[in-house]
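Participant: The following block contains the structure, expressed as structure tokens.
The values are calculated or read from the model by the stated rules, or taken from the named source; none is laboratory data. Only a predicted model underlies this, so the values are computations on that prediction, with no experimental measurement involved. Note that each Cβ is placed from the backbone with ideal geometry, even for glycine, and that neighbours are counted across all protein chains shown. Heavy atoms of the whole protein, side chains included, go into the accessibility calculation; ligands, DNA and RNA do not. Shrake-Rupley method; radii C 1.70, N 1.55, O 1.52, S 1.80 Å.
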Amino acid sequence: MERSLYERLGSAAGIKALVADVVEAHMNNPVIQARFLPYRDDPDNLAAVSQQLCDFFCAGSGGPEAYTGRGMVEAHRGMNISAEEYLAATDDIMSTLTAHGIDEQTRNDVLAIAYALKGEIMRV
Ligand code: HEM
């Protein structure tokens, strides 16, 4: 039987480690760091958002976790996220997957999901 995307991403522990490094990459990415650096001075909020991101990716990749955060339109409404910013965030996700040794098919599966969500996140 084919392994689920959740399993291929390393299940809860793997996804938690991926999310931590993606958020760190966003904080170091000049295109989008201004959006994320404020969380560095607010560890409780950083932990809360990181937990939501973990649950989102776990639930969305076939894991047993429930996502209780907002929908993508609601979560990003008013941020006026540009195409350049969306691409920068997606690049951070892809390079983190590579750094964690995630295989190409799995990276492409994640990219397809990121692409599909674009209309719910960009300029909403
Ligand atoms: C594939 C693309 C993306 C996905 C899957 C995604 C997913 C999420 C999720 C699940 C949350 C948590 C929502 C909640 O707590 O209710 C969130 C929050 C957030 N996202 Fe995204 N996001 C994406 C792209 C972006 C981009 C491109 C930016 C900005 C450049 C961005 C900025 C933020 C910020 C600042 C928050 C925190 C909002 C808050 O604290 O209220 N996201 N995102």
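Participant: Give me the residue from segment 94-104 that is at negative phi and free of Cβ contacts under 8 Å to residues at least 12 places away in the same chain and, out of that set, least open to solvent (accessible area, probe 1.4 Å).
Facilitator: Step by step, filter segment 94-104, then rank; the result is 98.
Participant: How many of the residues in segment 81-93 are surrounded by fewer than 17 Cβ atoms within 10 Å (Cβ to Cβ) and touching a Lys or Arg at 6+ places or on another chain (Cβ under 9 Å)?
Facilitator: 3
Participant: Regarding segment 70-80, can at least one residue be identified that is modelled with pLDDT of 95 or more, charged (D, E, K, R), more than 7 Å from the ligand (Cβ to nearest atom) and surrounded by 17 or more Cβ atoms within 10 Å (Cβ to Cβ)?
Facilitator: No, segment 70-80 has no match at all.
Participant: Given the residues 95, 50, which is the only one that is among the small types (Gly, Ala, Ser) and touching a helix residue (DSSP H, G or I) at 6+ places or on another chain (Cβ under 6 Å)?
Facilitator: 50
Participant: Do we find that residue 18 is crowded, with 17+ Cβ neighbours inside 10 Å, more than 9 Å from the ligand (Cβ to nearest atom), among the aliphatic types (A, V, I, L, M) and at pLDDT 95 or above in this structure?
Facilitator: So residue 18 passes the test.
Participant: Of the residues 43, 30, 64, which single one is away from the ligand (no atom under 11 Å from the Cβ), surrounded by fewer than 16 Cβ atoms within 10 Å (Cβ to Cβ) and under 22 Å from residue 123 (Cβ atoms)?
Facilitator: 30
Participant: Would you call residue 6 within 9 Å of the ligand (Cβ to nearest atom) and surrounded by 18 or more Cβ atoms within 10 Å (Cβ to Cβ)?
Facilitator: no
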